[in-house]
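A.B. asks: Pasting a structure below so you can have a look.
The values are calculated or read from the model by the stated rules, or taken from the named source; none is laboratory data. Note that this is a predicted model, so its numbers are computed, not measured. Cβ placement follows ideal geometry from the backbone for every residue including glycine, while neighbour counts extend to all protein chains displayed.
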Amino acid sequence: MRLPFTFCWRISLSNILGFILTKLLKIPLCDNLLQIEMPKTPLTEILNDFRSYRPGNHREFLEEVRDCARKTGLKQYALEDRFSAALYLRALDQVRDFRWRHWCFTREYILKRTSHPTATGGSPIVTVSKRPFFKLPRLNFTLIMLLQWLPNQIQAVLSQMTDVSSHCISISGTNDIMETVRSQQESLRKEVAKYCGERGVAV
């Protein structure tokens, strides 16, 4: 299936800002293209609000990808055949790998080095804030994106991979991918419980 759009993306990596902008575009691009469904939580609502801060051309590009994926039914199309479902699962696996590395960096360089329950801007590190966005203190957006809802987003990808795997379980390599998924689901559950316990907050 050929999606009815073309694009060309080029960005300079001559500085750290260029690097960050590239990463912040690629992950939501994958979310939109693969139709990864985020849970309906306050964190997802805040994430959606943050999208308004992106440069206009970034928003238009990501919205175009999202709309095209919906119109063509990319996910449903992929799941109609076990071979294409296996390829779709591998694409999801790349998103999982990226988000899991973010969690590992957060765990090693922040969570293990402080027992504080909040990030520099006052946001919870491993739990969901139920306060409306406009009532939150001034926050460090980068810390929020990496910390506050990282487990939330990882779980969304892992859950979707579990659903997709039933369409291609007979394809070579699927069991290996799902073994990693099951291991990370359990590890994430234990780690979030551990770090919440250390900070005296409910999971």
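A.B. asks: Which number in (1) surrounded by 12 or more Cβ atoms within 10 Å (Cβ to Cβ); (2) assigned to a helix (DSSP H, G or I); (3) modelled with pLDDT of 75 or more marks the one condition that C168 misses?
C.D. replies: Of the numbered conditions (1) surrounded by 12 or more Cβ atoms within 10 Å (Cβ to Cβ); (2) assigned to a helix (DSSP H, G or I); (3) modelled with pLDDT of 75 or more, the odd one out for C168 is (2).
A.B. asks: Sort out which residues of the stretch 66-82 are closer than 10 Å to Q35 by Cβ and either buried (at least 16 other Cβ atoms within 10 Å of the Cβ) or not charged (D, E, K, R) (or both), and write them in order of number. Step through it out loud before you land on a result.
C.D. replies: First, the residues of the stretch 66-82 that are closer than 10 Å to Q35 by Cβ: 66, 69-70, 73-76, 78.
Correct list: R66, A69, G73, L74, K75, Q76, A78.
A.B. asks: Does L143 fit the bill of being closer than 13 Å to W103 by Cα and modelled with pLDDT under 95? Steps first, answer last, please.
C.D. replies: Details: closer than 13 Å to W103 by Cα: yes; modelled with pLDDT under 95: yes.
It is true that L143 is closer than 13 Å to W103 by Cα and modelled with pLDDT under 95.
A.B. asks: Moving to a separate point now. Determine which single condition V201 fails, assuming it passes every other condition in (1) assigned to a helix (DSSP H, G or I); (2) among the aliphatic types (A, V, I, L, M); (3) surrounded by 14 or more Cβ atoms within 10 Å (Cβ to Cβ); (4) modelled with pLDDT under 85.
C.D. replies: Of (1) assigned to a helix (DSSP H, G or I); (2) among the aliphatic types (A, V, I, L, M); (3) surrounded by 14 or more Cβ atoms within 10 Å (Cβ to Cβ); (4) modelled with pLDDT under 85, only one is false for V201: (1).
A.B. asks: Another one. Only residues in the stretch 100-117 that are under 17 Å from C196 (Cβ atoms) and basic (K, R) count as the first member; pair them with residues that are surrounded by 12 or more Cβ atoms within 10 Å (Cβ to Cβ) and at pLDDT 85 or above, Cβ under 9 angstrom, at least 6 apart or cross-chain, and list the lot.
C.D. replies: Pairs that qualify, where the first residue is under 17 Å from C196 (Cβ atoms) and basic (K, R) and the partner is surrounded by 12 or more Cβ atoms within 10 Å (Cβ to Cβ) and at pLDDT 85 or above, are R107/E191.
A.B. asks: Looking at the structure I just gave you, is R107 modelled with pLDDT of 75 or more and either part of a helix (DSSP H, G or I) or closer than 15 Å to Q160 by Cα (or both)? Full working, then the answer.
C.D. replies: On the way: modelled with pLDDT of 75 or more: yes; either part of a helix (DSSP H, G or I) or closer than 15 Å to Q160 by Cα (or both): yes.
So R107 fits the description; yes.
A.B. asks: L43 fails exactly one of the following numbered conditions: (1) at pLDDT 80 or above; (2) under 26 Å from V192 (Cα atoms); (3) touching a Ser or Thr at 6+ places or on another chain (Cβ under 8 Å). What is the number of that condition?
C.D. replies: It fails just one condition, (1).
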